């Protein structure tokens, strides 16, 4: 069993920052048994990443509800997400600050004023991971993405990078109505332009691992271990710069329609 002190030591060994926002995607099963189980692991993450004024950000997505008009897209009277145990635990924490994005909400822990500022752009964010929301702020505040036991296919931030760069065929031309139920019970309705998919896979993000050799070549990834799980600490600005380089060198052609590795000429 790993103690919280063990988790802190592993994060420190890979140079994980404690003074900046870090968005964390995790497979609890890959981590193994931690003192206090899932809640204990979450406690360890929060304590570490907020120790020097940073923000611990846990995705709390509900994108699956957008395809079901009969459902509330984001119901803040419930601690429910569609992406696993740790996000559900985080969404249930009263000290967490959950953003008002209907499909790509984020639960943020840390200084209350800073956390509220970090999520402040979400109510008017018209796309899934727009530049004015949490994922755009990750770039502006020189934050990181921490992947624990999962690969780049779970790196939602790359969606935001593609939005910021204007990569075509990523955002729907038409909107859908999204609904948000506030803790008071009030329901907000708003249009949302959502991620569309290209290629042979159900989700474009399944091809994001194709970027990993380029990220590594440019020093955007620091490897480590959290519990038993392999971990990748990814620089938000580094990822943006590399995807921008690839997009520009390729002339804007579609590179993620299949599993063919990226031409090294685009990134070396």
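Laboratory data are not the source of any read-out in this text; all were calculated from the coordinates shown. All figures in this text were calculated on a predicted structure; none of them were measured in a lab. Glycine also receives a Cβ, built like all others from the backbone with ideal geometry; neighbour counts cover every protein chain displayed.
Okay, here's what the table says:
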{"item": "Cα gyration tensor category, rounded, prolate or oblate, for region 39-160 with a/c compared to 1.5", "result": "rounded"}
{"item": "Overall form of the chain per C-alpha gyration tensor (a/c, 1.5; a/b vs b/c)", "result": "oblate"}
{"item": "Cβ crowding within 10 Å averaged over residues, with 154-161, 211-218 ranked highest first", "result": "154-161, 211-218"}
{"item": "Cβ-based exposure ranking for 14, 232, in which fewest neighbours within 10 Å come first", "result": "14, 232"}
{"item": "Most to least packed among 129-141, 30-42 [average Cβ atoms within 10 Å]", "result": "129-141, 30-42"}
{"item": "DSSP bridge orientation in region 105-200 - percent antiparallel, rounded to nearest 5", "result": "90"}
{"item": "Beta bridges per DSSP with both ends in the chain, % antiparallel, nearest 5", "result": "70"}
{"item": "Residue order, fewest to most surrounding Cβ atoms within 10 angstrom, among 260, 127, 85", "result": "260, 85, 127"}
{"item": "Rough spin-label spacing in nm, given labels placed 7 Å along Cα→Cβ, for residue 124 and residue 265", "result": "4.4"}
{"item": "Residue-averaged [θ]222 nm for the chain, counting only DSSP H segments that reach four residues, each worth -39500 (n - 2.57)", "result": "-8000 deg cm²/dmol"}
{"item": "Distance in nm between pseudo-label sites at residue 249 and residue 112 (7 Å out along the Cβ direction from Cα)", "result": "4.8"}
